[in-house]
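Contents: one structure, followed by commentary.
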Ligand code: C8R
């Protein structure tokens, strides 16, 4: 039983809530709205922090629903200007390096993505505190945990808002650069709108041969998902990390 009470708290298999979660959310929100995107319409960080807390506090940490996050996401929808959107899968650090050098944006460059990046959070029924000891793990405890559902809904909204040409940075050092079980594969690719054009970049570790290419079976699978939605597709492969960052 994954819910043996220890100190009256359930013991899950994932990391507990990040220490000072509320303080970090408030501070990141202030930094984002005042320094990173001061041009964006003024947002009430206290209201955003409170809306974030009320999505999961006092609730069963395995019963998160998309609806729990609607009001929070509506306060700060994850939209970016047309043609500047970048998705990634198993290439987080590289994708962030890439967008820094261009006028492009990942989900972590939107307010909610920036607030939540790298944090962990969950509550428990009958308590107004965060569980700092443990939170449910996607594989070992439950898929409908608050962290997983957050990234799924936010990513879904991010993909739905895509327009014109968007890019995805994929890991060409993996045997399957496209993973249909990843958030990019399950949530983002299937939610792109018709007429959007997706450019995939397969980037492998510098100094090693690539392990997957645009003609491999994983990319063919991605292409078939996009064909079904009338999304145009272009694919570039055989780029080392250095070549990719220099050319871009
Ligand atoms: N996206 C998903 N997950 C994100 C994330 C994000 O922006 N930011 C963080 N920190 N995470 P992966 P993927 C966390 O397997 O599944 C969006 C979550 O805990 O390498 O294909 C983004 O727009 C999540 O479980 O990638 C991007 O395009 C892992 O990191 C895809 O979805 C996901 O790591 C990436 O999701």
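Just so you know, all these numbers are worked out from the coordinates, no wet-lab data involved. Values in this document were obtained by computation on a predicted structure and should not be read as measured data. Counting neighbours? That spans all protein chains shown, and the Cβs are built from the backbone with ideal geometry, glycine included.
Under the Kirkwood approximation for Rh and a Cα-based Rg, what ratio Rg/Rh is obtained for region 170-225? All intermediate terms of the calculation are to be shown ahead of the outcome.
Details: Rg = 11.7 Å, Rh = 11.8 Å.
Computed over Cα atoms, the ratio is 0.99.
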Please give the per residue volume of the convex hull enclosing the alpha carbon atoms of region 68-212, rounded to a whole number of Å³. 138 Å³
Give me the number: length gained by fully extending residue 217 to residue 43, i.e. 0.36 nm times residue separation minus the C-alpha to C-alpha distance, one decimal in nm. 58.2 nm
Using Cα pairs closer than 8 Å and at least 6 residues apart in sequence, work out the relative contact order for region 174-248, in percent. 42 percent
Rounded, prolate or oblate (a/c below 1.5 giving rounded, otherwise prolate when a/b exceeds b/c) for the chain by Cα gyration tensor: prolate
Under the rule rounded for a/c under 1.5, else prolate if a/b exceeds b/c, else oblate, using alpha carbon gyration tensor axes a ≥ b ≥ c, region 30-106 is classed as oblate
The answer for the per residue Cα convex hull volume of region 135-207, in Å³, is 111 Å³
Set the Förster radius R0 to 25 Å, insert the Cβ-Cβ distance between residue 100 and residue 243 as r into 1/(1 + (r/R0)^6), and round the FRET efficiency to 0.05. 0.90
To the nearest 0.05, the calculated FRET efficiency linking residue 139 and residue 119 through their beta-carbon distance, R0 being 22 Å, is 0.65
For the chain, what is the relative contact order in percent, using Cα pairs closer than 8 Å and at least 6 residues apart in sequence? 21 percent
Could you tell me whether region 200-248 comes out rounded, prolate or oblate from its Cα gyration tensor? Rule is a ≥ b ≥ c as square roots of the eigenvalues, rounded for a/c under 1.5, then prolate if a/b exceeds b/c, otherwise oblate. oblate
Highest average packing first - 169-180, 227-238, 78-89, Cβ atoms within 10 Å: 169-180, 78-89, 227-238
FRET efficiency for residue 31 and residue 128, Cβ-Cβ distance as r, R0 = 35 Å, nearest 0.05? 0.85
